[in-house]
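Contents: one structure, followed by commentary.
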Amino acid sequence: MSRPFKSNGVIEEFFSENNLRCYIVGYDLEDHGGQSYRWKPLVKTIISAIHEFAFGLHESAITDNTETVEKVVEAAKSIYKIENFENVKNIYLNGKHIADDIEDKYLRRGEFGELILHLLLRDYHQTIPLLSKIYFKDSYGFTVHGFDSVHINPNTKTLWLGESKLYIDPVLGVKALIEDLKEHITSDYLNSEFNIITKKTKHFDFHPDVNYWTEKLSTSEKLKTRLNSIVIPMLCTYSSKSFANHNDDELEIFKKDLTAEINTLQQVFLEKNDHPLREKINILLMFFPVKCKNELVKRLHTKLSLLQAVGD
């Protein structure tokens, strides 16, 4: 399996069954003999995908090595031109955080949920980013699409339209994902998104898979036909009680508790998902439980803001 960011050295697929996935980062030994959560390698791994996330195919950014300082600095500057990211950075670096019940949901776009989804799709599902909203926002001053990710899988000829949430409370995150599903998976919304995607991707004809999807999305196929070739990955990154209660991910009690935690969240999703087309939608439910969601976002902004300053 090709993993451009080699995240499997830090992020483990805890389990995979049917349309459910769970990814975790565990603990490692400290010099004094104890164990600590692997914050530093996790942040480094996520940041390694920042250049491709920001520019994708638009500037031929797909590469086996995206970790050079110059590329990350370029991407950091581009990202912090986006108002949401700059505002969220200021919130977290001033010792505050974004509450789960915040009314301004667009602030959450500055919490890196889309970046984490991008990384997991690339390394664990062999997708290629078709569009980067950061690129178009930075270059043209507008957001190009409503989905948090627009990827393709060349092997399966599927279009991956992703949603992501970062929450303290995973139940609220799951409910927010369902609301996005109901808002975005409608005939009118999808047709609008397909039109936008087609207009933007037609300029990137150097990639044969882009040509395939540019032509496919410009046709007037029936919705039920299109849904057969679309996968909806839905990722919830959240503060896990299992990590709060245990400091060793190799313990059987930890594995048991986390499995029960994920099964409960899956059940919430199944019970609350009342989308009228739910039986026709190819949903991949993904969970990324971490030790502390707020700490993760703070560390990412701290690291990225430092890298941004390198080029100043």
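Just so you know, all these numbers are worked out from the coordinates, no wet-lab data involved. Note that the structure is a prediction, hence the values are computed from the model and not measured. Because the Cβ atoms are built from the backbone with ideal geometry, glycine has one as well, and the counts that use them run over all protein chains shown.
For a modelled paramagnetic label at Leu277, 7 Å from Cα along Cα-to-Cβ, the residues of segment 225-257 in reach, with backbone nitrogen under 20 Å, are 225-235. Inter-label distance, Glu250 to Glu183: 4.4 nm, where each label sits 7 Å from its Cα along the C-beta direction.
Decide, for segment 225-312, between rounded, prolate and oblate: order the square roots of the alpha carbon gyration tensor eigenvalues as a ≥ b ≥ c, take rounded if a/c falls under 1.5, and otherwise choose prolate if a/b is larger than b/c, else oblate. Please list the in-between numbers first.
Values: a/c = 3.05, a/b = 1.27, b/c = 2.41.
Oblate is the answer for segment 225-312, as a/c is 1.5 or above yet b/c matches or exceeds a/b.
As a footprinting exposure proxy, order Met1, Met234 by other Cβ within 10 Å, with the fewest listed first. Intermediate values should be presented prior to the final figure.
Working: Met1 7, Met234 26.
Arranged by neighbour count, lowest to highest, Met1, Met234 become Met1, Met234.
Taking a straight line from the alpha carbon of Lys224, these lysines sit under 20 Å away, with near neighbours fewer than eight places off in the same chain left out: Lys157, Lys182, Lys216, Lys280.
In this model, which of Lys6/Lys200; Lys71/Lys255; Lys71/Lys199; Lys71/Lys175; Lys222/Lys256; Lys81/Lys222 are farther than 32 Å apart at the alpha-carbon? The pairs that break the limit, which is 32 Å between Cα atoms, are Lys71/Lys255; Lys71/Lys175; Lys222/Lys256; Lys81/Lys222.
Extent along the principal axes, Cα only, for the chain: 61, 50, 41 Å, with the longest axis given first. Listed from fewest to most Cβ neighbours within 10 Å, the set Ser229, Ser164 follows the order Ser229, Ser164. When Leu190, Leu181 are sorted by how many other C-beta atoms sit within 10 angstrom of their C-beta, beginning with the fewest, the order is Leu190, Leu181. For Lys96, which aspartates and glutamates qualify as cross-link partners when the Cα separation must be under 19 Å and same-chain residues fewer than eight apart are set aside? Cα-Cα hits under 19 Å: Glu83, Glu86, Asp104, Glu111, Asp169, Glu295.
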